[in-house]
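The structure under discussion appears below in the form of structure tokens.
The values are calculated or read from the model by the stated rules, or taken from the named source; none is laboratory data. This structure is a prediction, so every number in the text was calculated from the model and none was measured. Here the Cβ positions follow ideal geometry from the backbone for every residue, glycine too, while neighbour counts run over all protein chains shown. Keep in mind that these areas ignore ligands, DNA and RNA; they rest on the heavy atoms of the full protein, side chains included. Shrake-Rupley method; radii C 1.70, N 1.55, O 1.52, S 1.80 Å.
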Amino acid sequence: MPANADVFQFMSIEILAGPGVLIPRAETELLGRTALKLLSEGGLTPLVIDMCCGSGNLGLAIADARADARVLLSDLTDETTRQARTNAERLRFDDRVTIGQGDMFAGIAAALAGARADLIVCNPPISRRPSWPGTVPICWKKSPARPLMPAPMALRSTSG
């Protein structure tokens, strides 16, 4: 286990998260469950992208629930991609999960190789600014240095 990493339950899996990586949050499980519902409406062997993957919690939980899925995870920092790889190896998903590092799709462009994703999930890091003066939510204690915005999102590819 990486130094200073804690274990967190996220959906059906246990995830390690340490410094520089957001703690998987229970409310993010809604995004995971929604992604799985959308995947259930499609065919077999879906290609799923977990953008801003952090510890890999969303993509790896999807890989756990959908053994037929190929999952690509991408994030910007060494810390996040290192911890996502560690989690993928611990869960023995490294044969069907690819983790890349880069800005948005740049980290997985080679693995994507022109293929079309069936689903993209993204739960970018939240802002470090407290919503209420004097409050510091637990998830900020290990928050990355470059947070973006507080809105999880799911996108599904449409035919056309």
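A few comments on the model shown:
- Candidate set from region 13-52 (those that are open to solvent by less than 70 Å² (accessible area, probe 1.4 Å) and of a type in the set (S, T, N, Q)); member that is farthest from the chain's Cα centre (by Cα): Thr34
- When the test is whether a residue is touching a Lys or Arg at 6+ places or on another chain (Cβ under 7 Å), open to solvent by less than 30 Å² (accessible area, probe 1.4 Å) and at pLDDT 95 or above, Ile99 passes it.
- All conditions in (1) under 19 Å from Glu14 (Cα atoms); (2) within 13 Å of the chain's Cα centre (by Cα) hold for Asp95, with the sole exception of (2).
- The set of residues from region 94-110 being assigned to a loop (DSSP other than H, G, I, E, B) and either among the acidic types (Asp, Glu) or in contact with a Gly (Cβ under 9 Å, 6 or more places away or on another chain) (or both) comprises Asp94, Asp95, Asp103.
- Residue check for Val21: part of a loop (DSSP other than H, G, I, E, B) and either under 20 Å from Glu89 (Cβ atoms) or out of contact with any Ser or Thr (no Cβ under 9 Å at 6 or more places or on another chain) (or both): yes
- Contact map, region 54-65: first residue farther than 9 Å from Ala17 by Cβ and open to solvent by 10 Å² or more (accessible area, probe 1.4 Å), second residue in a helix (DSSP H, G or I) and at pLDDT 95 or above, Cβ cut-off under 6 Å, separation 6 or more or different chains; pairs are Ala65/Leu36.
- All positions within region 24-75 that are under 19 Å from Ala110 (Cα atoms) and not in a loop (DSSP other than H, G, I, E, B): Leu47, Val48, Ile49, Asp50, Met51, Gly59, Arg70, Val71, Leu72, Leu73, Ser74, Asp75
- Output for region 81-93, where each listed residue is in a helix (DSSP H, G or I) and either free of Cβ contacts under 8 Å to residues at least 60 places away in the same chain or open to solvent by 10 Å² or more (accessible area, probe 1.4 Å) (or both): Thr81, Arg82, Gln83, Ala84, Arg85, Thr86, Ala88, Glu89, Arg90
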